[in-house]
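Engineer: Please find one structure pasted underneath; my questions will follow.
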Amino acid sequence: MKKLGRNELFEMLGCRVKNPRWSWCAMSHDQTRAIFTIWKDQIRSGISKLTPTERPGKKRHGAIEQKKILELAFRRKIAVFGLQCVAKDIRTSPRTIESIDSQALVKLKLFKKRGQICGRHKGRVLALELVKTGAYRGNRKSAVDDLGEAPSGNGIADRAKRMATFIRRDSRVRAYVLKRAKGACEHCGSIGFETSSGSAYLEAHHVIALCDEGKDTVGNVIALCPGDHRRAHFGKDARSLEAKFINKLIKMGQRKRTRKI
């Protein structure tokens, strides 16, 4: 499994963060799984404290969200996992991430101690195994009514830094690609299942990943069914699929062919 960023990994595991700038945990859309950021330096005897500590008079959005998800996960006894992270500087607050263990997550058993919710480490689970149980399928915005002209997008992916570096994606590009697909996977041709809004469900995939300097444009994004999307990320033929996607976009006139020197 290739290395992924924290938010990207959360989403591939079925849990989309509410806000990339301050969310430190996430729950799946069907509320059957929750993932929390756990810090390597704060693990004590196989236990991680999950209830966030706040300074008097200061309420952080991330802390408020984490308390809500924690209480819900504890009350409903849902599956809980921890993503182990290493902080750039353990003395700063809020922290920023130096590195994550993207290969495996820690299975946690929640319990309360002195009014605080903690997670006891109960072994490790390969992230790929969790991905196989299904990626995020929450409420997606429906595609635009009129296709119109292709948006220019970003030739160089726009990046902003706050707590950590994350990539801002042009929502118009995704909307255009989903409308272009007309409800069918642009690789295998299968029709996406019908969502509650009546639209066909497909996922937008950046052929050349943004983290690899790929462009956030319609010439680098293809609409895929969930199976092909996960295959593009984790399949052993991911590299050959990348070439097929590029040729598909070239044939559609969405991407220019690169001249060989």
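The values are calculated or read from the model by the stated rules, or taken from the named source; none is laboratory data. Because the structure is predicted, anything quoted here is derived from the model rather than measured. All Cβ positions, even for glycine, are placed from backbone atoms using ideal geometry, and neighbour counts span all protein chains on display.
Engineer: Exactly one condition in (1) among the hydroxyl-bearing types (Ser, Thr, Tyr); (2) at pLDDT 85 or above; (3) farther than 21 Å from residue 247 by Cα is false for residue 176; which is it?
Structural biologist: (3)
Engineer: Which one of these is surrounded by 13 or more Cβ atoms within 10 Å (Cβ to Cβ), farther than 25 Å from residue 130 by Cα and modelled with pLDDT under 90: 52, 56? It would help to see each step written out before you state the result.
Structural biologist: Working: 56 fails: surrounded by 13 or more Cβ atoms within 10 Å (Cβ to Cβ).
Just a single option satisfies the conditions, and that option is 52.
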